[in-house]
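Down below is the structure, laid out as structure tokens.
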Amino acid sequence: MKLVTAVIKPHKWEEVREALAAAGVAGMTVTEASGYGQQKGHTEVYRGAEYDVSLVPKIRLEVVVDDADVDSVVSTITGSAQTGKIGDGKVWVIPVDSVVRVRTGETDEAAL
Amino acid sequence: MKLVTAVIKPHKWEEVREALAAAGVAGMTVTEASGYGQQKGHTEVYRGAEYDVSLVPKIRLEVVVDDADVDSVVSTITGSAQTGKIGDGKVWVIPVDSVVRVRTGETDEAAL
Amino acid sequence: MKLVTAVIKPHKWEEVREALAAAGVAGMTVTEASGYGQQKGHTEVYRGAEYDVSLVPKIRLEVVVDDADVDSVVSTITGSAQTGKIGDGKVWVIPVDSVVRVRTGETDEAAL
Ligand SMILES: Nc1ncnc2c1ncn2[C@@H]1O[C@H](COP(=O)(O)OP(=O)(O)OP(=O)(O)O)[C@@H](O)[C@H]1O
Ligand SMILES: Nc1ncnc2c1ncn2[C@@H]1O[C@H](COP(=O)(O)OP(=O)(O)OP(=O)(O)O)[C@@H](O)[C@H]1O
Ligand SMILES: Nc1ncnc2c1ncn2[C@@H]1O[C@H](COP(=O)(O)OP(=O)(O)OP(=O)(O)O)[C@@H](O)[C@H]1O
Ligand SMILES: [Mg+2]
Ligand SMILES: [Mg+2]
Ligand SMILES: [Mg+2]
């Protein structure tokens, strides 16, 4: 299994969520975050206000998936999160050793 | 070392914390999160209100542990977080290359 | 690539951010968190108030970096986050399989 983490623009969150649901993603975890990318020294506009780049609000998504689904989950996220402007986001993939569903104790692929 | 991440029901947080402390877990990091699992299309009840499943509030725990402690930490979390109802949570384990305690500069097992 | 996660004292965040920028770190993600370390049973002071150690507010940083930059990023964080008092923080390093820049679709080293 793999953990796909994506940091995206907040106003794209609904679109990403719908794209992932349409792609059959069974679960995800969402946290509010902020961050900056390579536009350091420039400003990024968020809801009409200019933010110091170190403080641009972002949504951070985590999706644990089967190895076979990584590529499609990553491209679903990048496709639906993209606006073409700086600050669109970053996605990274991390290896996962094991997964458990708390309710049932099922593990690994059966826990997804 | 391994990173154990758990996403649990907020009202189980105290119980999980006490179970982990009793099991000798030396530290953890907690973030507020939200998420959905496989009950998509159904609703999950949180504090008496029905939430769109994409928005159910959760607590996200991170515990960095020695390899030898992974199984007991995971089962302590699943045992204490379980209610038997949908949405009880998900736990996943990720490999960790190295750890540092900021105060002392100690590394790896000595930093836990 | 590697993911460096650091959990630090909130009042050290500005210093850490400046040290990382001076070291050429191109991006990072920040979340508000809380946590406890090994001082369990003792209390840690935050802004003049004593907190139950399970609730000390922390800042959680994530930085995805090239393998070649891991050591310098970790030592930049530990150097700038350190006060010498308990609760200074913990840093851990996790392997990353792949990275994508959402705007351009660039991958891996080119996406950093
Ligand atoms: N190296 C990194 N490590 C961790 N998080 C990052 C990193 N780079 C970017 N991020 C996160 O992703 C968010 C979006 O980054 P961003 O899209 O600005 O990346 P970028 O590389 O600067 O690309 P662009 O040139 O399109 O702006 C940032 O606000 C930050 O939260
Ligand atoms: N695949 C996943 N990736 C990341 N986070 C997940 C995933 N599945 C679930 N989660 C997180 O765990 C929380 C609890 O999930 P949940 O317990 O509903 O899992 P489930 O597989 O649907 O099991 P159940 O059938 O018991 O509801 C979700 O709200 C979400 O935050
Ligand atoms: N094992 C751990 N797993 C996950 N997060 C941890 C762990 N240990 C500490 N943390 C996080 O790092 C923060 C700071 O930890 P802290 O600096 O107190 O570590 P410590 O090992 O107790 O060192 P010190 O003796 O200097 O206090 C904690 O509040 C918690 O958020
Ligand atoms: Mg950018
Ligand atoms: Mg569910
Ligand atoms: Mg401590």
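The values are calculated or read from the model by the stated rules, or taken from the named source; none is laboratory data. All of these numbers come straight from a predicted model, not from anything done at the bench. Here the Cβ is made from the backbone with ideal geometry for all residues, glycine too, and neighbour counts use every protein chain on show. The protein model used for the area step is the full one, side chains on, heavy atoms only, and it has no ligands, DNA or RNA in it. Shrake-Rupley method; radii C 1.70, N 1.55, O 1.52, S 1.80 Å.
Before moving on, here are some points about what is shown:
- Restricting attention to segment B:79-112, the residues that are among the charged types (D, E, K, R) and assigned to a helix (DSSP H, G or I) total 2.
- Residue list for segment C:62-73, filter: open to solvent by less than 20 Å² (accessible area, probe 1.4 Å) and within 9 Å of another protein chain (Cβ to nearest Cβ): C:62, C:70
- Pick from segment A:79-104, criterion at pLDDT 95 or above, away from ligand 5 (no atom under 16 Å from the Cβ) and more than 13 Å from the chain's Cα centre (by Cα), ranking: farthest from the other protein chains (Cβ to nearest Cβ): A:83
- Complete set of residues in segment C:50-73 that are among the acidic types (Asp, Glu) and modelled with pLDDT of 95 or more: C:62, C:66, C:67, C:69, C:71
- The set of residues from segment B:92-112 being under 15 Å from residue B:68 (Cβ atoms) and either in contact with a His (Cβ under 8 Å, 6 or more places away or on another chain) or in contact (Cβ under 8 Å) with a residue 12 or more places away in the chain (or both) comprises B:93, B:95, B:96, B:99, B:108, B:109, B:112.
- Residue in segment B:32-39 that is within 14 Å of chain C (Cβ to nearest Cβ) and at pLDDT 95 or above present: yes
- Any pair with Cβ under 8 angstrom, 6 or more apart, that starts in segment B:11-34 at a residue that is touching a residue at least 12 places away in the same chain (Cβ under 8 Å) and ends at one that is within 16 Å of ligand 1 (Cβ to nearest atom) and of a type in the set (Lys, Arg): B:29/C:60; B:31/C:60
- Any pair with Cβ under 8 angstrom, 6 or more apart, that starts in segment A:55-75 at a residue that is touching a residue at least 40 places away in the same chain (Cβ under 8 Å) and ends at one that is among the small types (Gly, Ala, Ser) and more than 16 Å from ligand 1 (Cβ to nearest atom): A:63/A:27; A:64/A:27; A:72/A:23; A:73/A:23
- Checked against (1) within 16 Å of ligand 6 (Cβ to nearest atom); (2) not in a strand (DSSP E or B), residue C:58 passes all but condition (2).
- Checked against the criteria, residue B:25 does not count as at pLDDT 95 or above, within 16 Å of ligand 3 (Cβ to nearest atom) and crowded, with 20+ Cβ neighbours inside 10 Å.
- Just one residue in the set B:5, B:76 is under 21 Å from residue C:33 (Cβ atoms), in a helix (DSSP H, G or I) and modelled with pLDDT of 95 or more; that residue is B:76.
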